[in-house]
Amino acid sequence: MEVRIGRSVSRGMIPLLALHAFSEYYRSNSKPPVTAALIAANTLIYLRPSFLHSLLPSIDQVWFNPHLILRHKDLKRFLLSPFYHIGEPHLVYNMLSLLWKGIQLETSMGSFEFASMVASLLALSQGITLMLSKSLLLFFDYERPYYREYAVGFSGVLFAMKVVLNSRSDEYTSVHGVIVPSRYAAWAELILIQMFVPGASFLGHLGGILAGILYMKLRGNYFGSDPLSVLMRSVGSALNWPVRFLGGLFRSRRGRITGRGTVGGGGNRRRRVNSGDNGGFWRCQACTYDNSGYLSVCEMCATTRDGSGLASMQWDRDLDGLPLDELRRRRIDRFTGRR
């Protein structure tokens, strides 16, 4: 049975994938959104509906090819090739695997950390595969088998997710009918796929396994934090360091103003306030205003320098009982010389 969906013809496997995904989500209590979004994205890219056809690059433009990526610095091939599949069985097998692994991991980790993990595993698996192919070219002259090999598909990320999922498991699992310890399931699947599916990308799958191992090592070294989150925090901290440094530099040079005097950063001024010479300053005991050393009466409140003069007593007696606003106005008038 053939069903036309968008610009592609489905032989019935994609509707079965949709039915199976709906069934699993209906039974699941958490309904993980990131897993659903990844499955939808991969499926839509494969089907290429009319509203996306002009926006999506063709598969010929995104094949993962180490030679083309390194020669042309082609990030499009590096980042988009995992989301393309060469056929319906390829897509459905990978999406069913993603559905099973994604529900378990996203439910236990949370959607944000799961999305961060998937992004980390994608970048790590693609990067390790690129380095492996380049190393085989340099040391063993494997140019055609690996360095110029074309590959697409989400399998590398799925192998990495399998490593993460089974990293701490002491149980046994079945890999295509072979019972193996769960922590070695990815290695067993790598060998079996190469035996029965010769066209599968060996380096792509191996890069995924090594990416999963590296991810768990990084996660352990950072006390359980996601490596991508740690990287983002480190980059943010590095970018903010010059701002914090300059801010601290200007704060240390700027005095803190409070009341009528300067507190902090004014050592010479403070020594002059406390000095007794006529060229310095003295602080009024009544209003704390700093007066010139040449004056014996406070310019602000008319209190004598020793705080017990008749001028202060007369000033306080004249202002006794006045409203606060009137008191402030008279003090300002006295300070500015107005009467």
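Tabulated data
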| read-out | value |
| --- | --- |
| Mean accessible surface per residue for the stretch 105-224, computed with a 1.4 Å probe while every protein chain stays in place, in Å² | 52 Å² |
| Computed accessible area, Asp141, all protein chains, 1.4 angstrom probe, square angstrom | 110 Å² |
| Cα-based Rg of the stretch 142-184 normalised by 2.2 N^0.38 Å, two decimals | 1.58 |
| Using θ = phi - 60° and Karplus 6.51 cos²θ - 1.76 cosθ + 1.60, couplings along the stretch 49-63 (whole Hz; Gly, Pro as x) | x, 4, 6, 10, 4, 6, 8, 8, x, 6, 5, 5, 8, 10, 3 |
| Amide H partners (placed H, <5 Å) of Gln285, local residues excluded | none |
| Glu189, Glu143, Glu171, reordered so the largest accessible area comes first (probe 1.4 Å) | Glu171, Glu143, Glu189 |
| Solvent accessible area, Å² - Arg183, 1.4 Å probe, full protein context | 110 Å² |
| Spherically averaged projected area in nm², based on the convex hull that wraps the Cα atoms of the stretch 22-99 | 6.3 nm² |
| Trypsin sites (Lys or Arg not before Pro) within the stretch 33-82, DSSP loop, no more than 15 other Cβ atoms inside 10 Å | Lys73 |
| Heavy atoms of Tyr184: accessible area, 1.4 Å probe, square angstrom to 10 | 130 Å² |
| Ranked order, His20, His67 - accessible area, probe 1.4 Å, largest first | His20, His67 |
| Fraction of accessible area attributable to carbon and sulfur, the stretch 1-132 (%, probe 1.4 Å) | 67 percent |
| Integer Hz, Karplus 6.51/-1.76/1.60 couplings in order for the stretch 132-140, x for Gly and Pro | 5, 5, 5, 5, 5, 5, 6, 9, 10 |
| Computed label-point distance, nm, for sites Ala40 and Thr107 using a 7 Å Cα→Cβ extension | 2.1 nm |
| Relative packing of peptides 202-208, 147-153 - highest average C-beta neighbours within 10 Å first | 202-208, 147-153 |
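The values are calculated or read from the model by the stated rules, or taken from the named source; none is laboratory data. In this text, all values refer to a predicted model and were calculated from it rather than measured experimentally. All Cβ positions, even for glycine, are placed from backbone atoms using ideal geometry, and neighbour counts span all protein chains on display. SASA here: full protein model, heavy atoms, side chains in, ligands and nucleic acids out. Shrake-Rupley method; radii C 1.70, N 1.55, O 1.52, S 1.80 Å.
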